[in-house]
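**Q** Below is a structure I'd like to ask you about.
The values are calculated or read from the model by the stated rules, or taken from the named source; none is laboratory data. Since the structure is predicted, the reported quantities are computational estimates derived from the model, not experimental observations. Neighbour counts run over all protein chains shown; Cβ positions are idealised from the backbone, glycine included.
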Amino acid sequence: MKKLYYQDSYKKKFTANVLQQAKDEQGNLYAILDQTAFYPTGGGQPHDIGRLNEVEVVAVEEIEGEIRHYINAPLTQGEITGEVDWSRRLDHMQQHAGQHILSAAFAELFEFQTVSFHLGKETCTIDIHTNTLREEEALAAETLANEIIFENRPIETKWVSAAEAIQYPLRKQPSVSENIRLVIIPDFDYNGCGGTHPSSTGQVSTIKILDWEKQKQNIRVQFVCGNRVLKQLHEKHSVMKQLTAALNAPQEDVADAAMRLIKDSKTLEKDVENKNEQLLSYEAKELLIQHKTEDNVQAVFNGRSIKELQTLARKITELAEDSVVILINELEDKLQFVCACGNGSAANMKQLANELLSRINGKGGGNKSLAQGGGPKSMSGEDLLRAAKEILMVN
């Protein structure tokens, strides 16, 4: 099979003969041609997509030396016309060549070698062999990479033998021992690679490092090249416009304005939390007054948070150490409960909770002094409360 993408990575249309159509082990239909401009997945670069006649090519894989074009319908036998999705191909060419340039920049400046590369749908990553990456190092590598792009150096490809390959200052040893394909940026980068690339560095347009993070023993650098840089700029500019309007601050002051807003929000949240704590204290006292002639405090609520009920139960038992507290919470399709007792009570809340959970087929947990749980709303909150009282009377 002729690999037309190696002869001319800019070839968008071609003709070919269908040699075979078959299904793989998963039942996916594919076609094998006598020549193709469709690049198969490999070397960190995703496959091309496009059309064969009017049939959509959804994936391309090289398996045991044959290139399979996965299609969504059968092809007619004989000669067909193929067309590669050019926007996807160009994007992959820009990202892959940009990776070569950025990897070479890290190697030249700091001897950080690239150990892996991933070309994703939105961003790309390289893992460089270093434990740390400082801001100034990332900026220096990005700057050098863009200088190489601006110089519009040629990107050459050459097929060599293993003996010939050792004559070049390769960044890493080739993964194959024969028919080695070199991608060369003269006086800057020499690398064995089977991907598609533009004919000059200028066509990469630009490189932008977005972020980096520790990844095992390496640093994973996230970046974009070419048209993806414009896409990132457009998205970030759109977000920045919304932020400047929402914060009523110019772009250069957005970070400070956002930090002030976050600080004020945290202060407000703390204030609300303190006020809520006070309200729960008042509510605990009110419940004790309502049940001052009884041995325990019971109540049924609607739509309260379980955290609030736990706090309320604790406050009541702190005020009345002999008390037993049973608080039921009704939700649309669920029942929840909290039960607690003070230090002066002999009741066992874990035992009470287990019996209540069995009544509603629920789940929960706790200890002798405080327990909680919940389950399907198979009865009303009042019915569950009556059940709790009966259990306490028996025990």
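**Q** Can you go through 176, 239 and tell me which one is free of Cβ contacts under 8 Å to residues at least 24 places away in the same chain, more than 22 Å from residue 122 (Cα to Cα) and among the β-branched types (Val, Ile, Thr)?
**A** The match here is 176.
**Q** Is there a residue being crowded, with 18+ Cβ neighbours inside 10 Å, under 38 Å from the mean Cα position of the chain (by Cα) and hydrophobic (A, V, I, L, M, F, W, C) anywhere in region 303-315?
**A** Within region 303-315, one or more residues are crowded, with 18+ Cβ neighbours inside 10 Å, under 38 Å from the mean Cα position of the chain (by Cα) and hydrophobic (A, V, I, L, M, F, W, C).
**Q** Further question: Could you grab me the full set of residues in region 61-71 that are within 15 Å of residue 3 (Cβ to Cβ) and in a strand (DSSP E or B)?
**A** Those that are within 15 Å of residue 3 (Cβ to Cβ) and in a strand (DSSP E or B): 61, 62, 63, 66, 67, 68, 69.
**Q** If I ask for residues that are within 16 Å of residue 2 (Cα to Cα) and either in a loop (DSSP other than H, G, I, E, B) or free of Cβ contacts under 8 Å to residues at least 12 places away in the same chain (or both), which ones from region 26-41 would you list?
**A** Within region 26-41, 34, 37, 38, 39, 40 qualify.
**Q** Spot the failing condition for residue 41; the list is (1) crowded, with 16+ Cβ neighbours inside 10 Å; (2) touching an Asp or Glu at 6+ places or on another chain (Cβ under 6 Å), and only one is missed.
**A** If we test residue 41 against (1) crowded, with 16+ Cβ neighbours inside 10 Å; (2) touching an Asp or Glu at 6+ places or on another chain (Cβ under 6 Å), just (1) comes out false.
**Q** Out of 254, 239, I need the residue that is surrounded by 14 or more Cβ atoms within 10 Å (Cβ to Cβ) and among the aliphatic types (A, V, I, L, M). Which one?
**A** Testing whether each residue is surrounded by 14 or more Cβ atoms within 10 Å (Cβ to Cβ) and among the aliphatic types (A, V, I, L, M) leaves just 254.
**Q** Now, a different point. Does residue 284 meet the test of being modelled with pLDDT under 90, farther than 30 Å from residue 36 by Cβ and either exposed (fewer than 11 other Cβ atoms within 10 Å of the Cβ) or not aromatic (Phe, Trp, Tyr) (or both)?
**A** So residue 284 fails the test.
**Q** Can you tell which of 64, 56 is modelled with pLDDT under 95, among the charged types (D, E, K, R) and over 25 Å from residue 150 (Cα atoms)?
**A** 64
**Q** Looking only at region 334-383, how many residues end up being among the basic types (Lys, Arg), part of a strand (DSSP E or B) and surrounded by 15 or more Cβ atoms within 10 Å (Cβ to Cβ)?
**A** Matching residues across region 334-383 total 0.
**Q** Next question. So how many residues does region 107-138 have that are in contact (Cβ under 8 Å) with a residue 40 or more places away in the chain and either assigned to a helix (DSSP H, G or I) or among the small types (Gly, Ala, Ser) (or both)?
**A** 4
**Q** Out of (1) more than 26 Å from residue 277 (Cα to Cα); (2) at pLDDT below 90; (3) among the polar types (S, T, N, Q), the odd one out for residue 380 is which?
**A** Of (1) more than 26 Å from residue 277 (Cα to Cα); (2) at pLDDT below 90; (3) among the polar types (S, T, N, Q), only one is false for residue 380: (2).
**Q** So, of the residues in region 91-140 that are crowded, with 21+ Cβ neighbours inside 10 Å and touching a Gly at 6+ places or on another chain (Cβ under 6 Å), which turns out to be farthest from residue 207 (Cα to Cα)?
**A** Result: 96.
**Q** Further, regarding this structure: Looking at (1) among the charged types (D, E, K, R); (2) over 21 Å from residue 209 (Cα atoms); (3) modelled with pLDDT of 95 or more, can you tell me which one residue 108 breaks?
**A** (2)
**Q** Could you grab me the full set of residues in region 141-173 that are assigned to a helix (DSSP H, G or I) and surrounded by 18 or more Cβ atoms within 10 Å (Cβ to Cβ)?
**A** Matches in region 141-173: 141, 142, 144, 145, 146, 148, 149, 165.
**Q** Scan region 72-90 and tell me whether some residue there is buried (at least 22 other Cβ atoms within 10 Å of the Cβ), part of a helix (DSSP H, G or I) and modelled with pLDDT of 95 or more.
**A** Yes, region 72-90 contains a residue that is buried (at least 22 other Cβ atoms within 10 Å of the Cβ), part of a helix (DSSP H, G or I) and modelled with pLDDT of 95 or more.
**Q** Is one or more of the residues making up region 224-236 within 24 Å of residue 119 (Cα to Cα), at pLDDT 90 or above and assigned to a strand (DSSP E or B)?
**A** For region 224-236, residues within 24 Å of residue 119 (Cα to Cα), at pLDDT 90 or above and assigned to a strand (DSSP E or B): present.
**Q** Follow-up question, since we're still on this one. Is there a residue being of a type in the set (Gly, Ala, Ser), surrounded by 17 or more Cβ atoms within 10 Å (Cβ to Cβ) and either within 16 Å of residue 373 (Cβ to Cβ) or out of contact with any Phe, Trp or Tyr (no Cβ under 9 Å at 6 or more places or on another chain) (or both) anywhere in region 292-301?
**A** Within region 292-301, one or more residues are of a type in the set (Gly, Ala, Ser), surrounded by 17 or more Cβ atoms within 10 Å (Cβ to Cβ) and either within 16 Å of residue 373 (Cβ to Cβ) or out of contact with any Phe, Trp or Tyr (no Cβ under 9 Å at 6 or more places or on another chain) (or both).
**Q** Then there's this: Just a yes or no: is a residue in region 261-278 surrounded by 15 or more Cβ atoms within 10 Å (Cβ to Cβ) and either in a strand (DSSP E or B) or of a type in the set (Val, Ile, Thr) (or both)?
**A** No; the residues of region 261-278 include none that is surrounded by 15 or more Cβ atoms within 10 Å (Cβ to Cβ) and either in a strand (DSSP E or B) or of a type in the set (Val, Ile, Thr) (or both).
**Q** Hey, among 213, 178, which residue is modelled with pLDDT of 95 or more, among the acidic types (Asp, Glu) and loosely packed, with under 15 Cβ neighbours inside 10 Å?
**A** 213
**Q** Looking at region 90-113 only, could you name the residues that are touching a His at 6+ places or on another chain (Cβ under 8 Å) and within 18 Å of residue 43 (Cβ to Cβ)?
**A** Across region 90-113, the qualifying residues are 93, 96, 97, 100, 113.
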